[in-house]
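Undergrad: Dropping the structure in here first, questions after.
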Amino acid sequence: MAIGNAFHKTSVRAHTLDPQWNEAFDFGVRAEAMQGMLLTLTVEDESAALRDEPIGQLSIPLNQLAVRGQWEGWFDLRTMKGDPQGTAQGAAAVHLRLMYDDGAHTPTVV
């Protein structure tokens, strides 16, 4: 997952069709810089033969996160295979909790 140039990668959850990461990542982005920024998350299948195969991707605008303070829910992944428009298919989704700590000026993704 990435916000701007900051990038974090979760650990691998092997041999499951229902992975649960329960990991948190902090991104050092100030509220005034969040306007127009996106959190981009890509889910990949590590079991692909030669390399990680993209399963889906989502982009979440962060402009409201500083106002809301927290944003939690299920987000559908756009397919990255066989659909040039990346339409959300509903076949895969991730549950995210986005939090903005105004004191630390840090968005956190759980």
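The values are calculated or read from the model by the stated rules, or taken from the named source; none is laboratory data. Note that this is a predicted model, so its numbers are computed, not measured. Cβ atoms come from the backbone with ideal geometry, glycine included; neighbour counts cover every protein chain shown. When the accessible area is computed, the model is the full protein with side chains, heavy atoms only, and any ligands, DNA or RNA have been set aside. Shrake-Rupley method; radii C 1.70, N 1.55, O 1.52, S 1.80 Å.
Undergrad: How do the strands (runs of 3 or more DSSP E) wholly within segment 36-101 filter down when requiring 1 or more residues that are at pLDDT below 75 and either of a type in the set (A, V, I, L, M) or exposed (fewer than 13 other Cβ atoms within 10 Å of the Cβ) (or both): which remain? Working first, answer last.
TA: Numbers: elements: 38-45, 53-61, 70-79, 88-101.
Where strands (runs of 3 or more DSSP E) fall fully within segment 36-101 and carry at least 1 residues being at pLDDT below 75 and either of a type in the set (A, V, I, L, M) or exposed (fewer than 13 other Cβ atoms within 10 Å of the Cβ) (or both), they are 88-101.
Undergrad: Still on this structure: With over 13 Å from MET99 (Cα atoms), in contact with a Leu (Cβ under 9 Å, 6 or more places away or on another chain), among the aliphatic types (A, V, I, L, M) and touching a residue at least 40 places away in the same chain (Cβ under 8 Å) as the only criterion, which of ILE3, ILE55 stands out?
TA: ILE3
Undergrad: Among residues belonging to segment 16-32 that are open to solvent by less than 50 Å² (accessible area, probe 1.4 Å) and farther than 24 Å from ALA93 by Cα, point out the one that is modelled with the lowest pLDDT. Step through it out loud before you land on a result.
TA: If we filter segment 16-32 for residues that are open to solvent by less than 50 Å² (accessible area, probe 1.4 Å), which is where we start, we get 19, 23, 25, 27, 29, 31.
If we keep only those that are farther than 24 Å from ALA93 by Cα as well, we get 29, 31.
Working: VAL29: 80, ALA31: 74.
Out of the qualifying residues, it is ALA31.
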